[in-house]
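Peer 1: Got a structure for you, questions after.
The values are calculated or read from the model by the stated rules, or taken from the named source; none is laboratory data. If you're wondering where the values come from, they're calculated on a predicted model, not measured in any experiment. Here the Cβ positions follow ideal geometry from the backbone for every residue, glycine too, while neighbour counts run over all protein chains shown. In case anyone asks, the SASA skips ligands and DNA or RNA and just uses the protein heavy atoms, side chains included. Shrake-Rupley method; radii C 1.70, N 1.55, O 1.52, S 1.80 Å.
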Amino acid sequence: MTLPIRVAVIGGGIFGREHVSVYAGMPSVRLVAIVEPNEKRRLEWQRDPLAKTAKIFSSVAEMLAETKLDAASIVTPSKTRLHIATELMSAGVDVLVEKPFADSPEDAQKFAEVAAALGRKCLPGHLLRFSQGHQNLKTVISQPAFGSVVGVTLSRNRSRALISLYPDIHPAFLLGVHDFDLAIWLTARPVTEVSALEHRNSQGKVDYFVAHCLHNGGAISTIQVSCLLSEGDPAQVDDSVSVFGTGRTAHLETASVDDEPQHFGFGIENAPLVAELQYFLDCVLKNQPSTLCTPEEGVHVVEIAQAVLRSASNGGEITRLRATNF
Ligand SMILES: NC(=O)c1ccc[n+]([C@@H]2O[C@H](COP(=O)([O-])OP(=O)(O)OC[C@H]3O[C@@H](n4cnc5c(N)ncnc54)[C@H](O)[C@@H]3O)[C@@H](O)[C@H]2O)c1
């Protein structure tokens, strides 16, 4: 493959804009297309200097008929992503798929199968594996003095405004997927059993859940997610991870009272999205599979999210997952 790598962003919404902004700043990349079905957003992109090298299309089919490309970020609502990824991979395009892969384990599994059958890269966008703080944590817990991981406690608290922004997405699929992924990455073990409880607000929407996950080998993850922070609370983004080992413990706070909210890109050195997209393009350029985050791990994260929903709707009943080695 020759440089620059020809890239498209599918889905020109809020997070698609962050992908566009990162690609636009990469010297080895030419942003050739943005696909966005919403006409108002398309007009905005046509006037946007960030998109000056890109043609704006209303569908993937229209783009593929006119444009040659090597790689694409899929940043659309989750129910659309399997169809889009299949269309792109069938046309020889490698894809980075925003988290979570899909709304169901069955659809998530199809991503992995299609990518394997077509020999294409299909990287799940599990951003936090590329955050410097989380990578430092992984390095610390990999030292011999840390011993083996006994337990991981993850907490993620967000604004209650998220519930009205994403009324149809359970917080396990919206936010928890980050933590399920961190749990399997930090323990390096898949989950075998889940028990979860959830709280619903007066409109019947889930605004809080807690999940206990048993990993293959015995480690235990506890994941707590809320969408309950209000205007005037100390922080609108408030996350932490603690890892307990047989030798040591380690702790990471990713945002607290006086910190800037998490920032995903815009050219900040080492920002997670810059690192993630750079890694994706390195895999594309070198024709190497992703070892940092695999399609099978993307599938397992969806299986855990689904198990959390099932357990919580059955009052915390233990829900067993199928055996997997990633
Ligand atoms: N990794 C992260 O931390 C992170 C953060 C935010 C969002 N996301 C993910 O990114 C996705 C998009 O989130 P968002 O906040 O940008 O949503 P958004 O609604 O602002 O943008 C989605 C865009 O996709 C477009 N779209 C819908 N169907 C399409 C299709 N078939 N082809 C092309 N475009 C299509 C919509 O018109 C919309 O503009 C979400 O599913 C979310 O999971 C990930």
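Peer 1: Mind listing whichever residues of the stretch 6-23 are surrounded by 21 or more Cβ atoms within 10 Å (Cβ to Cβ) and of a type in the set (A, V, I, L, M)?
Peer 2: 7, 8, 9, 10, 20, 22
Peer 1: Let me ask you something else. If residue 152 satisfies every condition in (1) among the β-branched types (Val, Ile, Thr); (2) assigned to a helix (DSSP H, G or I); (3) touching a residue at least 60 places away in the same chain (Cβ under 8 Å) but one, which is the exception?
Peer 2: Status for residue 152: all satisfied but (2).
Peer 1: Can you find, within the stretch 120-156, the residue that is farthest from the chain's Cα centre (by Cα) among those that are surrounded by fewer than 22 Cβ atoms within 10 Å (Cβ to Cβ), of a type in the set (A, V, I, L, M, F, W, C) and more than 22 Å from residue 213 (Cα to Cα)?
Peer 2: Step by step, filter the stretch 120-156, then rank; the result is 145.
Peer 1: Are there any pairs, at least 6 apart or on different chains, whose C-beta atoms fall under 6 Å, with the first in the stretch 120-142 and without any contact (Cβ under 8 Å) to a residue 40 or more places away in the chain and assigned by TED's automatic domain parsing to the domain that holds residue 78 and the second open to solvent by less than 50 Å² (accessible area, probe 1.4 Å) and within 16 Å of the ligand (Cβ to nearest atom), and if so, which?
Peer 2: 120/89
Peer 1: Oh, and also: Applying the selection to the stretch 24-49, what residues are under 14 Å from residue 75 (Cβ atoms) and open to solvent by less than 60 Å² (accessible area, probe 1.4 Å)?
Peer 2: Taking the stretch 24-49 first, the residues under 14 Å from residue 75 (Cβ atoms) are 31, 33-38, 41, 45.
Those that are under 14 Å from residue 75 (Cβ atoms) and open to solvent by less than 60 Å² (accessible area, probe 1.4 Å): 31, 33, 34, 35, 36, 45.
Peer 1: Follow-up. Name the single residue, out of those in the stretch 177-202 being open to solvent by 20 Å² or more (accessible area, probe 1.4 Å) and in a strand (DSSP E or B), that is nearest to the ligand (Cβ to nearest atom).
Peer 2: So in the stretch 177-202, the residues open to solvent by 20 Å² or more (accessible area, probe 1.4 Å) come out as 178, 185, 188-189, 192-193, 195, 197-202.
Restricting the remaining residues to those that are in a strand (DSSP E or B) gives 192-193, 195, 197-200.
Details: 192: 26, 193: 26, 195: 25, 197: 24, 198: 19, 199: 22, 200: 22 Å.
Residue satisfying both the conditions and the ranking: 198.
Peer 1: Still on this model: Given (1) β-branched (Val, Ile, Thr); (2) part of a strand (DSSP E or B); (3) over 14 Å from residue 69 (Cα atoms), identify the lone condition not met by residue 9.
Peer 2: (3)
Peer 1: Mind telling me which of the residues 203, 224 ends up being within 20 Å of the chain's Cα centre (by Cα) and polar (S, T, N, Q)?
Peer 2: Unique residue meeting the criteria: 224.
Peer 1: Need a quick list: helices (runs of 4 or more DSSP H) entirely within the stretch 37-90 having at least 3 residues that are more than 9 Å from the ligand (Cβ to nearest atom), among the hydroxyl-bearing types (Ser, Thr, Tyr) and within 25 Å of the chain's Cα centre (by Cα). Reasoning before the result, please.
Peer 2: Values: elements: 39-46, 60-66, 78-90.
Helices (runs of 4 or more DSSP H) meeting the threshold: none at all.
Peer 1: Still on this structure, please answer the following. Among the residues of the stretch 221-246, which ones are in contact with a Phe, Trp or Tyr (Cβ under 9 Å, 6 or more places away or on another chain) and among the aliphatic types (A, V, I, L, M)?
Peer 2: The initial filter retains those residues of the stretch 221-246 that are in contact with a Phe, Trp or Tyr (Cβ under 9 Å, 6 or more places away or on another chain), namely 221, 223-228, 243, 245-246.
223, 225, 228, 243 - these are the residues of the stretch 221-246 that are in contact with a Phe, Trp or Tyr (Cβ under 9 Å, 6 or more places away or on another chain) and among the aliphatic types (A, V, I, L, M).
Peer 1: Okay, moving on. Please specify each residue of the stretch 102-119 satisfying the condition of being more than 14 Å from the ligand (Cβ to nearest atom), surrounded by fewer than 21 Cβ atoms within 10 Å (Cβ to Cβ) and either in contact (Cβ under 8 Å) with a residue 12 or more places away in the chain or not in a loop (DSSP other than H, G, I, E, B) (or both).
Peer 2: 104, 105, 106, 109, 110, 112, 113, 114, 116, 117, 118 - these are the residues of the stretch 102-119 that are more than 14 Å from the ligand (Cβ to nearest atom), surrounded by fewer than 21 Cβ atoms within 10 Å (Cβ to Cβ) and either in contact (Cβ under 8 Å) with a residue 12 or more places away in the chain or not in a loop (DSSP other than H, G, I, E, B) (or both).
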